[in-house]
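Participant: My questions all concern the structure below.
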Amino acid sequence: MIDLKDGKGIYGFLCKIDNKLYIGSSENLIKRFKEHIKGRKSNIRLQRAIKKYGLNNFCFIIFEFYNLNDKALLTDFETTYISYFNF
């Protein structure tokens, strides 16, 4: 089992209703997850979808974990993941 404490990585929220995927990166996955579900410092499109469909209709996905100290590199990985999907 992977310990999420201080976990860095690429994550996504997948809406089970419309199959839309919201991708992000964070240096602290747990903190970022909490920010999204509380509506703080969150993507406005994701917040609108959560309000419309309800949080219970979303899956939180962690695509990859990283042990990086370079935030710019983490953002580059996020951009790469976004390019994999047809938005």
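Participant: Restricting attention to segment 13-49, which residues are touching a Phe, Trp or Tyr at 6+ places or on another chain (Cβ under 8 Å) and either part of a helix (DSSP H, G or I) or among the hydroxyl-bearing types (Ser, Thr, Tyr) (or both)?
Facilitator: If the condition is that a residue be touching a Phe, Trp or Tyr at 6+ places or on another chain (Cβ under 8 Å) and either part of a helix (DSSP H, G or I) or among the hydroxyl-bearing types (Ser, Thr, Tyr) (or both), then Tyr22, Ser25, Ser26, Leu29, Arg32, Phe33, His36, Arg45, Leu46, Ala49 are the ones that fit.
Participant: So, in segment 50-79, exactly how many residues are in a helix (DSSP H, G or I), more than 14 Å from the chain's Cα centre (by Cα) and under 24 Å from Asp18 (Cβ atoms)?
Facilitator: 5
Participant: So, in segment 40-77, how many residues would count as being of a type in the set (Val, Ile, Thr) and more than 15 Å from Lys8 (Cβ to Cβ)?
Facilitator: Selection size over segment 40-77: 3.
Participant: Shifting gears a bit: Which of the residues belonging to segment 1-40 are at pLDDT below 90, closer than 21 Å to Ser83 by Cα and surrounded by fewer than 18 Cβ atoms within 10 Å (Cβ to Cβ)?
Facilitator: Across segment 1-40, the qualifying residue is only Glu27.
Participant: Considering each residue of segment 27-39, count those that are free of Cβ contacts under 8 Å to residues at least 24 places away in the same chain and closer than 12 Å to Gly12 by Cα, and give that number.
Facilitator: Within segment 27-39, residues that are free of Cβ contacts under 8 Å to residues at least 24 places away in the same chain and closer than 12 Å to Gly12 by Cα number 2.
The values are calculated or read from the model by the stated rules, or taken from the named source; none is laboratory data. Worth saying up front: this structure is predicted, and the values here are computed from it rather than measured. Reconstructed Cβ throughout: ideal geometry from the backbone, glycine too, with neighbour counts over all protein chains shown.
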